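Data first, discussion second: the structure below is written as C-alpha cells.
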Amino acid sequence: MATQELTDKLIAAASRVFNKDAAAITAETNIAEELGSKSLDRMGMCAVIENEFDVVIPFAEFGMYKTIGELADFIASEAE
C-alpha cells in the first residue's frame, strides 16, 4: 500500500476513533496533543490498526508514535 493511501486510511480511522474532523487531521498531527490522550481512544486506535491493516501494535508501544505520519511509517514497515 502506498504511503499516502495508508496515511489517508489512518486519518479516516483517527477521525472516527477520536471523534475529530478528518479535514483537520494530517500526517503531522500530534496524536496525543491534538487528538487526545484518553487510553480508551488509544486502545480503539490500536484495535483499528490491527483489524484494518493486519499489523499488531502493542498498546504500550502506541505512544512511541507521536504523529499520524510516524504511525503510517510503522505500519508500512511492518506490512513489508
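Only the coordinates and a few stated rules stand behind these numbers; no lab work does. Predicted model, so just to flag it, every value in this text is computed and none were measured. So basically every Cβ, Gly included, is an ideal-geometry build from the backbone, and we count neighbours across all protein chains shown.
Along each principal axis, taking the top coordinate minus the bottom one, the Cα set of segment 3-79 gives 27, 26, 19 Å in descending order. Protection proxy ranking, highest mean first, for peptides 20-31, 5-16: 5-16, 20-31, where packing is the per-residue count of other beta-carbon atoms within 10 Å, averaged.
Scanning residues 5 or more positions from residue 67 or on other chains, those with amide H under 5 Å from its amide H are 31, with H placed 1.01 Å from N in the peptide plane. Taking 12 Å as the straight-line reach from the Cα of residue 66, the aspartates and glutamates in range (excluding those fewer than 8 positions away in the same chain) are 28, 33, 34.
Going by neighbour counts of Cβ atoms within 10 Å, the residues 45, 64 line up, fewest first, as 64, 45. What the phi angles of segment 41-47 give under the Karplus curve with 6.51, -1.76 and 1.60, with θ = phi - 60°, is a coupling list of 5, 5, 5, x, 5, 4, 5 Hz, glycine and proline written as x. Simple spin-label estimate for residue 38 and residue 77 gives 3.0 nm between the two label positions (7 Å along the Cα-to-Cβ direction from each Cα).
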